[in-house]
Structure formats: structure tokens, C-alpha cells
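A.B. asks: Encoded as C-alpha cells, here's the structure I'll be asking about.
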Amino acid sequence: MSIEVDGKLIETDSEGFLLRAEEWSESVCLGLAQVNGVELTECHLEIIRIMRACYQKYETTPGLPGLRKELERHTEIKCDNKFLKSLFKADDVCGVICRIAGLPKPICHAC
């Protein structure tokens with residue numbers, strides 16, 4: 001599977017996760033969001049930035065409780081699971097955020 005961004009084909013696996021994380025950029029982020037049916041706002045982008053920062057720091061993605069803690073620690077965003085699921089239009093909110101953020105498929109953290 002692949003998406004076209006700025007005239008370049010970006011390959012993903014069968015679930016929509018990037019095959020080469022180094023290809024991620026804000027343009028790729030917009031393309032991945034579109035494929036996932038998400039219209040990005042500044043709130044989405046802030047959540048994506050926090051998720052990417054967590055991955056860089058811990059080499060894993062946080063589950064929803066960890067993500068909420070990081071959001072409260074570093075932003076003005078106050079949220080619960082219902083808000084995140086509504087914002088990203090998915091029950092598998094961690095998976096959707098990771099897809100759009102160009103991160104690997106998350107390991108279930110009992111979200």
C-alpha cells in the first residue's frame with residue numbers, strides 16, 4: 001500500500017503504518033491523516049507531536065493513560081479517552097495517532 005505526497009510515493013504496510021519512518025514529514029502527516037479520515041487541527045498536531053516525543057524518549061508509544069499524562073504535563077489539552085476517540089474518529093485511537101505520526105504499530109497498553 002502507498003500514498004502519494006508531493007509527487008512521491010510513500011509506502012505503508014497493509015495496516016497503513018509507514019514502512020520507512022524517516023520518510024515522515026508534516027506533508028506525509030497530512031496525507032496519512034486524510035487516508036485515516038482525520039482533518040487535522042492544531043489540537044491533533046499537538047497530540048501527534050507529544051506522541052512522537054514520547055516515542056523518541058522511551059522508544060515505545062504510550063497507551064492512552066500515558067498519553068493523557070504527557071498531554072496534561074506539556075500542553076493545555078485536558079482530555080479523556082472519549083475525547084481522543086472522538087477527535088481521531090476511531091476506537092483504536094493509539095493506532096490512528098501512530099499511523100498519522102509515522103510511528104510503528106503500538107503495543108497494546110490496555111487502552
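The values are calculated or read from the model by the stated rules, or taken from the named source; none is laboratory data. Every value quoted in this text rests on a predicted model; they were computed, and no experiment measured them. Every residue, glycine as well, gets a Cβ built from its backbone with ideal geometry; the counts of neighbours run over all protein chains shown.
A.B. asks: What residue, among those in the stretch 42-71 that are under 14 Å from PRO104 (Cβ atoms) and surrounded by fewer than 17 Cβ atoms within 10 Å (Cβ to Cβ), is modelled with the highest pLDDT?
C.D. replies: Among those residues, the one meeting the criterion is GLN56.
A.B. asks: Can you work out which of the residues in the stretch 72-97 that are in a helix (DSSP H, G or I), in contact with a helix residue (DSSP H, G or I) (Cβ under 6 Å, 6 or more places away or on another chain) and surrounded by 16 or more Cβ atoms within 10 Å (Cβ to Cβ) is modelled with the highest pLDDT?
C.D. replies: ILE97
A.B. asks: Would you check which residues across the stretch 40-93 are over 24 Å from SER27 (Cβ atoms) and either touching a residue at least 60 places away in the same chain (Cβ under 8 Å) or of a type in the set (S, T, N, Q) (or both) and list them?
C.D. replies: THR60, ASN81, SER86
A.B. asks: Filter the stretch 16-27 for residues that are modelled with pLDDT of 95 or more and of a type outside the set (Gly, Ala, Ser) and give the result.
C.D. replies: Correct list: PHE17, LEU18, LEU19, ARG20, GLU22, GLU23, TRP24.
A.B. asks: Which of (1) surrounded by 12 or more Cβ atoms within 10 Å (Cβ to Cβ); (2) of a type outside the set (D, E, K, R); (3) in contact (Cβ under 8 Å) with a residue 12 or more places away in the chain is the odd one out, the single condition GLY37 does not satisfy?
C.D. replies: (1)
A.B. asks: Would you say ILE77 is over 22 Å from PHE17 (Cβ atoms) and among the hydrophobic types (A, V, I, L, M, F, W, C)? Full working, then the answer.
C.D. replies: Details: over 22 Å from PHE17 (Cβ atoms): yes; among the hydrophobic types (A, V, I, L, M, F, W, C): yes.
In short, yes.
A.B. asks: Starting from the stretch 10-22, keep only residues that are of a type in the set (D, E, K, R), then list their pairs with residues that are part of a loop (DSSP other than H, G, I, E, B) whose Cβ atoms are within a distance under 8 Å, requiring at least 6 positions of separation or different chains.
C.D. replies: GLU11/MET1; GLU11/LEU19; GLU11/ARG20; ASP13/MET1; ASP13/LEU19; GLU15/LYS105
A.B. asks: Can you go through ILE100, ILE47, ILE107 and tell me which one is of a type in the set (Val, Ile, Thr) and not in a helix (DSSP H, G or I)? Before the answer, list the steps.
C.D. replies: Details: ILE100 fails: not in a helix (DSSP H, G or I); ILE47 fails: not in a helix (DSSP H, G or I).
Answer to the check: ILE107.
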